[in-house]
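One structure below.
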Amino acid sequence: MPKAGVYQMFDEEEGIYNYCPSPVCTDEETMYIFFCANTWPGLVIDDIYARKGKLVDGTWQFGDKFRVLEPSRLGWDNIHVCDPDVIQGEFRYQGETYPWMMVFLGCDIHYSYHNQIGIAFAKEIQGPYVKYDGNPIVNYEEVFHWGAGQPCVISLDGKGKFRMLYTQSVHEYERRLIGTRTFWRDFDLSDADHPIITEEVAMHEGGITNKDKEGAVAVFNPSLMWDRQQDLYYLTREGTPFDRERVPGFISSYSQVCVISRQNFERNEGGWQVLYNIDQGDTGFPRNHNAGLIKDAFGWQPQGRVPQVAVTVSELMDQGFLWTYRIYYTEIQVEEQS
């Protein structure tokens, strides 16, 4: 059973999965949660959906889901679109000013190969979203590698500047291995027809440790939130190493929440502090993965709230585990950081 205060945010019909939540609070009592789901029961094709929720007696309650983005008929994202994150700002594009922007993963090869990152703009948070002609905004050349994806964003100025973290395949040529790592870069899409994009930086991982203190640390599938009052960055990542002894063996058993000062993040120095590991003791499920921090419209920490997390849970089983993917709410009690 889940801990007190941990609950399923909404349910889904049989044969449909929900995962990769991106919750956006537009005010103290209103949340739009974006997530990945398949449209046809039993068919593994990712679209991006959303639900609108209201805070009622301390619990989020959601309305019906609606689709906000789907794969293109042709091009770089014609198989899947997934891993959404949405922020508010001022984005000028093709003569129009859009107050909402979504980042997302797209791919054009099955089995999760050749992932790349795109953006789309909207006049209203619920859409419709217009895909950017300059997509993919983060590309990846190697066709039969996982690629670049799982983006998350925070606004830097409340307008057109934002910071993106994302996962990317990396090469270790001496050992002939391909792994993944989190990178970040800054964007200015105040005039999206003439974008300003900085060089990517491999994110500093110092201080991050695995739950059992054993095994190599790998930081991927991030979500990021900026606490502007204390000038801190909160991060979630997939818990490593994976539990390979039980099926499925490629999904995290826990999601980890970490924190670092913004200055240390930008300098690539200092150390992250591990705050909490969301695991079966919290949710009641053996797999806890694809988490998303609950943020305000700019990707900042909502005022007066402790860090809150939407986390994907799932069962253990030889077949059919995908259809058990559901999204749960939890919150993290933390001491004030210095």
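Annotations
- Positions within the stretch 291-309 being out of contact with any Pro (no Cβ under 6 Å at 6 or more places or on another chain), assigned to a loop (DSSP other than H, G, I, E, B) and hydrophobic (A, V, I, L, M, F, W, C), in sequence order: 297, 298, 306
- Scanning the stretch 276-322 for residues that are buried (at least 20 other Cβ atoms within 10 Å of the Cβ), small (Gly, Ala, Ser) and without any contact (Cβ under 8 Å) to a residue 60 or more places away in the chain yields a count of 0.
- Filtering the stretch 92-141 to residues that are touching a Lys or Arg at 6+ places or on another chain (Cβ under 8 Å) and among the polar types (S, T, N, Q) leaves only 126.
- Residue within the stretch 199-208 that is part of a loop (DSSP other than H, G, I, E, B), closer than 19 Å to residue 83 by Cβ and modelled with pLDDT of 95 or more present: yes
- Restricting attention to the stretch 82-107, the residues that are more than 19 Å from residue 138 (Cβ to Cβ) and touching a strand residue (DSSP E or B) at 6+ places or on another chain (Cβ under 9 Å) add up to 9.
- Residue 242 being open to solvent by 50 Å² or more (accessible area, probe 1.4 Å), in a loop (DSSP other than H, G, I, E, B) and out of contact with any strand residue (DSSP E or B) (no Cβ under 9 Å at 6 or more places or on another chain): no
- Residue check for residue 42: open to solvent by less than 40 Å² (accessible area, probe 1.4 Å) and either free of Cβ contacts under 8 Å to residues at least 24 places away in the same chain or in a loop (DSSP other than H, G, I, E, B) (or both): no
To keep it simple, each residue is scored yes or no on (1) polar (S, T, N, Q); (2) modelled with pLDDT under 95; (3) closer than 30 Å to residue 194 by Cα.
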{"residue": "23", "(1), (2), (3)": "no, no, yes"}
{"residue": "27", "(1), (2), (3)": "no, no, no"}
{"residue": "37", "(1), (2), (3)": "no, no, no"}
{"residue": "66", "(1), (2), (3)": "no, no, no"}
{"residue": "72", "(1), (2), (3)": "yes, no, yes"}
{"residue": "97", "(1), (2), (3)": "yes, no, yes"}
{"residue": "111", "(1), (2), (3)": "no, yes, no"}
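- If you filter the stretch 262-286 down to residues that are touching a strand residue (DSSP E or B) at 6+ places or on another chain (Cβ under 6 Å) and either among the basic types (Lys, Arg) or part of a strand (DSSP E or B) (or both), you find that the one that is nearest to residue 212 (Cα to Cα) is 277.
- Qualifying residue in the stretch 197-215 (condition: open to solvent by 20 Å² or more (accessible area, probe 1.4 Å), of a type in the set (Ser, Thr, Tyr) and within 23 Å of residue 134 (Cα to Cα)): yes
- Every residue from the stretch 211-224 that is farther than 15 Å from residue 290 by Cα and either at pLDDT 95 or above or touching a Gly at 6+ places or on another chain (Cβ under 7 Å) (or both): 211
- Considering the stretch 53-83, and only residues there that are of a type in the set (Phe, Trp, Tyr) and part of a strand (DSSP E or B), the residue that is least open to solvent (accessible area, probe 1.4 Å) turns out to be 60.
The values are calculated or read from the model by the stated rules, or taken from the named source; none is laboratory data. Bear in mind that the values here come from a model prediction, so they are computed numbers and not experimental data. Positions of Cβ are backbone-derived with ideal geometry, glycine not excepted, and every protein chain shown enters the neighbour counts. Quick note on the areas: whole protein, heavy atoms, side chains included, nothing else; ligands and nucleic acids left out. Shrake-Rupley method; radii C 1.70, N 1.55, O 1.52, S 1.80 Å.
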